[in-house]
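Engineer: One structure follows; several queries about it will come next.
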Amino acid sequence: MIDILQTYWLDLLIGGYPNGPLGGLAMTMIIAVTSIVLAFPLGVLLALANLSERRWMSRSSGAVITFVRGVPLLMFIFWIYFALPVVTGLSVSGSVTLIVALVIFESAYISQIVKAGILALPRGQREAAESLSMTPFQVNMKIILPQAIFNMTPSLISQLSSAVKDTSLGYIINATEITFATAQINSILLTKPLEIFGVLAIVFFVICASLTGLANILERRLGRSQSIALANVR
Amino acid sequence: MIRFEAVDKYFGDRHILKSVDGTVRKGEVVVLCGPSGSGKSTLIRTVNRLEGIDAGKVFVDEKDVGSVRDINALRSGIGFVFQSFGLFPHMTALENVMVGLRLVRRMPPAEAREVASAQLKALGLADKMALMPAALSGGQQQRVAIARAVSMRPAVMLFDEPTSALDPEMVNEVLNAIEQLADQGMTIMCVTHEMGFARRVADRIWYLRAGELVHDVDTESFFAMQAESTSGVIQQSA
């Protein structure tokens, strides 16, 4: 296993770059982080629509969320992989396809995190802002979301960990992430699949366990600061 | 200034307000008292439509609160202080006061800072402006909440049990702040169980029981009634 790492560490880290496209672990992280960053505003919009008092808005966003959560990510990857070139007339790389699929998929899950973050705030916060005559937009942007985002940071980090693992599905459509790089190394070595995919498993485990650990630490700190704040701010 | 006409309110099957009629005149201080669950808080929450009503009408400056289109325009003339303070925990005391001035009154930052600072100083919080709410005592937090509401220059102030969540030693600092406003001629509706405060500050007392406004009398008459009654109005009704 060590000899594989010694020989192929650069391929695992950045793929064929600079002689080919960027790949490996660097691409995995770029895809995961970009997906979460782009999915976040969509998730916020879905959550706000879902919590809206306008029934058509909450129902239609609820339907979207339920649909996306009820379909496997792989289906989205296939749909986008085959449909996007037809709709846009552009040839889209596997990595971009994967990012689009992840953005749609993750936005539904992030919307639930945002919704829980908003619902966890005391009702009095919204009422206090409304009684100052703030518009619903101001209430959400200045009062509710800044507090809710603070509360939901650990969950968002967990979601990033989940997105990192989900990038491995990009292998199916030739997205040049770390699973793709690993499969290429395997096709060169041929006789060491256990070792080479063992390396892949360890890389995923180290990244995701670190992110989960970070989320846990933040959650504990948040819990402490919230209990202090709740004792003082009633 | 504020008029309730046959106001009814239900929470599910529970009849919270039963045909409440009453008027608060400009510059008047009305204290609402009565047993817990009698509808006092619900009644003042109908004034700025934090609660809707099921029948009747509420008027503020002859505007029907229920049918007014721009609720924010109406609310900008009404200050509300909550039992639970309602300070924004991610902002300092100064920012809590400034936020309404900036976003609603559209004041430039320097002017908003000046108005907010002056208001906090007037309420004895000059050295607390940079602190987060969590670093303030309950009494200080409630005074910041009062400063926040008053800085918007409302025509009416509504207080919903402003001292109920406070330790006894902090009650007076908040009551004194409300008394200052009353002395300045502000129209006030205040839900409270502090009868000493009511006697000192109120022009009229509204006594509610089980959703009905059973007494709407001037303060002297209320306490005279209370003294004459063998068991007292409050105890008898509670």
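Engineer: For residues that are of a type in the set (A, V, I, L, M) and outside any helix (DSSP H, G or I), scanning just region A:130-151, find the one that is surrounded by the fewest Cβ atoms within 10 Å (Cβ to Cβ). Reasoning before the result, please.
Structural biologist: Step one: filter region A:130-151 for residues of a type in the set (A, V, I, L, M), giving A:132, A:134, A:139, A:141, A:143-145, A:148-149.
Next, only the ones that are outside any helix (DSSP H, G or I) stay: A:132, A:134.
Working: A:Leu132: 29, A:Met134: 23.
Across region A:130-151, the extreme among qualifying residues is A:Met134.
Engineer: Considering only region B:116-128, state which residues are away from every other protein chain (no Cβ under 14 Å) and in a helix (DSSP H, G or I).
Structural biologist: Here is the first cut: in region B:116-128, the residues away from every other protein chain (no Cβ under 14 Å) are B:117-118, B:120-127.
Once the filter is applied, which keeps residues that are away from every other protein chain (no Cβ under 14 Å) and in a helix (DSSP H, G or I), region B:116-128 yields B:Ser117, B:Ala118, B:Leu120, B:Lys121, B:Ala122, B:Ala126, B:Asp127.
Engineer: Which condition number in (1) more than 9 Å from every other protein chain (Cβ to nearest Cβ); (2) within 30 Å of B:Ser36 (Cα to Cα); (3) at pLDDT 90 or above is the one that B:Asn48 fails?
Structural biologist: With respect to (1) more than 9 Å from every other protein chain (Cβ to nearest Cβ); (2) within 30 Å of B:Ser36 (Cα to Cα); (3) at pLDDT 90 or above, B:Asn48 is out only on (1).
Engineer: Quick one: B:Asn48 ticks every box in (1) within 21 Å of the chain's Cα centre (by Cα); (2) farther than 30 Å from B:Met170 by Cβ except a single one, so which number is it?
Structural biologist: Tallying (1) within 21 Å of the chain's Cα centre (by Cα); (2) farther than 30 Å from B:Met170 by Cβ, B:Asn48 fails exactly one: (2).
Engineer: Can you confirm whether region A:71-78 contains a residue that is in a helix (DSSP H, G or I), within 30 Å of B:Ile78 (Cα to Cα), in contact with a helix residue (DSSP H, G or I) (Cβ under 8 Å, 6 or more places away or on another chain) and not polar (S, T, N, Q)? Show your work before the answer.
Structural biologist: Pass one, region A:71-78, residues in a helix (DSSP H, G or I): A:73-78.
Next, from what is left, pick out any that are within 30 Å of B:Ile78 (Cα to Cα): none.
Scanning region A:71-78, I find no residue that is in a helix (DSSP H, G or I), within 30 Å of B:Ile78 (Cα to Cα), in contact with a helix residue (DSSP H, G or I) (Cβ under 8 Å, 6 or more places away or on another chain) and not polar (S, T, N, Q), so the answer is no.
Engineer: Scanning region B:55-105 for residues that are polar (S, T, N, Q) and part of a loop (DSSP other than H, G, I, E, B), which turns out farthest from B:Cys190 (Cα to Cα)?
Structural biologist: From region B:55-105, those polar (S, T, N, Q) are B:67, B:72, B:76, B:83-84, B:92, B:96; that's our starting set.
Checking which are part of a loop (DSSP other than H, G, I, E, B) leaves us with B:67, B:76, B:83-84, B:92.
Values: B:Ser67: 24, B:Ser76: 18, B:Gln83: 11, B:Ser84: 15, B:Thr92: 26 Å.
In this case the residue turns out to be B:Thr92.
Yes/no matrix, rows are residues, columns are (1) among the hydroxyl-bearing types (Ser, Thr, Tyr); (2) within 14 Å of chain A (Cβ to nearest Cβ); (3) within 29 Å of B:Ala135 (Cβ to Cβ); (4) surrounded by fewer than 21 Cβ atoms within 10 Å (Cβ to Cβ):
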site	(1), (2), (3), (4)
B:Asp13	no, no, no, yes
B:Ser19	yes, no, no, yes
B:Val29	no, no, no, no
B:Glu62	no, no, no, yes
B:Ala73	no, yes, no, yes
B:Phe82	no, yes, yes, no
B:Arg105	no, yes, yes, yes
B:Ala110	no, no, yes, yes
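Engineer: Tally up the residues in region B:82-101 that are touching a strand residue (DSSP E or B) at 6+ places or on another chain (Cβ under 7 Å) and modelled with pLDDT of 95 or more, please.
Structural biologist: Adding up the residues that qualify gives 0.
Engineer: Something else about it: Condition first: touching a Leu at 6+ places or on another chain (Cβ under 7 Å), without any contact (Cβ under 8 Å) to a residue 60 or more places away in the chain and either assigned to a loop (DSSP other than H, G, I, E, B) or within 13 Å of another protein chain (Cβ to nearest Cβ) (or both). Now tell me which residues in region B:129-160 satisfy that.
Structural biologist: If the condition is that a residue be touching a Leu at 6+ places or on another chain (Cβ under 7 Å), without any contact (Cβ under 8 Å) to a residue 60 or more places away in the chain and either assigned to a loop (DSSP other than H, G, I, E, B) or within 13 Å of another protein chain (Cβ to nearest Cβ) (or both), then B:Met129, B:Ala130, B:Pro133, B:Gly138, B:Gly139, B:Gln140, B:Gln141, B:Val144, B:Ala147, B:Ser151 are the ones that fit.
The values are calculated or read from the model by the stated rules, or taken from the named source; none is laboratory data. The model shown is predicted, which means the values in this text are computed figures rather than measured ones. Positions of Cβ are generated from backbone atoms using ideal geometry, with glycine treated the same way; all protein chains shown enter the neighbour counts.
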